[in-house]
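Structure first, commentary second.
The values are calculated or read from the model by the stated rules, or taken from the named source; none is laboratory data. Just so we're clear, the structure is a prediction, and the values are computed from it rather than from any experiment. Positions of Cβ are generated from backbone atoms using ideal geometry, with glycine treated the same way; all protein chains shown enter the neighbour counts.
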Amino acid sequence: MTALFAGLTTLDVLHRLDHVPDPGLKVTSTDFTMAAGGPATNAAVTYAALEAAARSLSADEAVADSPDSTTRADAPLLLTALGEGPVSAFLAADLAAAGVRVLDATAPAPAMSDTPSLPASTASSPAEAAAPTYRSTPADERDAATASAPREPAVSSIIEHPSGRMVASTNARLDADPEHVAADLPERVGVVLIDGHNPALAQAALTLGVPEVGGEDPFAQLEARPPHLRVLDGGSWKDWLTPLLGFVDVAVVSEDFAPPLLACADGEQVAGFLRGFGITRVVRTRGERPVQYWWDGT
């Protein structure tokens, strides 16, 4: 049984320095890495590495120092949007090498209207002037803007140095359509993890395996829990998370996760807020300081 991860995939470009950089000077890195990144993606890669390590310790399988060269059928599954182009191809290859299967839910590019758009001033004869004039509509302009939008994944530039790190990222910029790959989603999984970067992917993952319910009870679907665990990786608060929190069993959040309703978003208040949605297992990270947790009322 596999694990499903849903969320953002970025191209991470990482430079390591042996000193704190001067913002006014060009610096030379001591090491460089380029790889697939993003919260859900990093979780999937970590899961694949731990799974490979567990297999290597098992007496039932041959010892292996790295993931299989061919992705296993039970390998972790990443539901994400990779987009198009050479960067997307690189990310797909990097994830395959890490032992992660990918379901690319990138929304198809909209088809442009076949109706020509001609301004009236182009008429060169009375006959052309009398002919119907086609003008672009707001829908045409929206389609053109969408078609010209980036079709490549987000990029994160990361600089690590002895005192910390700096990150500049474009964040999610690809539209995702989980219906595009709905037929390829597994019927059963062992665990689901979502990050806070794509509401459509998060909803598809969190509601996977939820039994069908009838009637008019608005809470029936929330109470009809699947047999697997559902985990939220919450780096920061997103307003669209509110209707989905009832589908979460475990929330792992950062110190920056601050719902706007809270007067003071300290650990106790955040845990209490999430408990109101039925989430009784909360882990809160605080950078280099000790992790806080609230587990089934303790």
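Given G85, G7, which one is at pLDDT 90 or above, within 23 Å of the chain's Cα centre (by Cα), within 30 Å of A251 (Cβ to Cβ) and not aliphatic (A, V, I, L, M)?
One residue alone meets the criteria, G7.
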Original post:
Using beta carbons and a limit of 8 Å, which pairs, at least six apart or on different chains, have the first residue in region 10-26 and in a loop (DSSP other than H, G, I, E, B) and the second one exposed (fewer than 11 other Cβ atoms within 10 Å of the Cβ) and among the hydroxyl-bearing types (S, T, Y)?
Top reply: V20/S163
**OP:** Kindly check whether there is at least one residue in region 229-244 that is surrounded by fewer than 18 Cβ atoms within 10 Å (Cβ to Cβ) and aliphatic (A, V, I, L, M).
**Re:** yes
Original post:
For residues in region 197-241 being within 19 Å of R284 (Cα to Cα) and touching a strand residue (DSSP E or B) at 6+ places or on another chain (Cβ under 6 Å), which is modelled with the lowest pLDDT?
Top reply: G235
Subject >> Condition met for A149 (modelled with pLDDT of 55 or more, in a loop (DSSP other than H, G, I, E, B) and out of contact with any Gly (no Cβ under 8 Å at 6 or more places or on another chain)) >> reply: yes
Original post:
Limited to region 21-35, what total is found for residues that are more than 30 Å from A172 (Cβ to Cβ) and surrounded by 11 or more Cβ atoms within 10 Å (Cβ to Cβ)?
Top reply: 1
**OP:** Please specify each residue of region 189-230 satisfying the condition of being touching a helix residue (DSSP H, G or I) at 6+ places or on another chain (Cβ under 6 Å) and without any contact (Cβ under 8 Å) to a residue 12 or more places away in the chain.
**Re:** V213
Original post:
Just for region 165-199: of the residues that are small (G, A, S) and more than 16 Å from P39 (Cα to Cα), which one is surrounded by the most Cβ atoms within 10 Å (Cβ to Cβ)?
Top reply: A176
Original post:
Taking into account only those residues within region 210-248 that are more than 21 Å from L185 (Cα to Cα) and among the acidic types (D, E), which is nearest to the chain's Cα centre (by Cα)?
Top reply: D239
Subject >> Pairs with Cβ under 8 Å, 6+ apart, first in region 64-82 and closer than 25 Å to Q203 by Cβ and in a loop (DSSP other than H, G, I, E, B), second modelled with pLDDT of 95 or more and among the charged types (D, E, K, R) >> reply: A75/R101; P76/R101; A81/D104; L82/D104
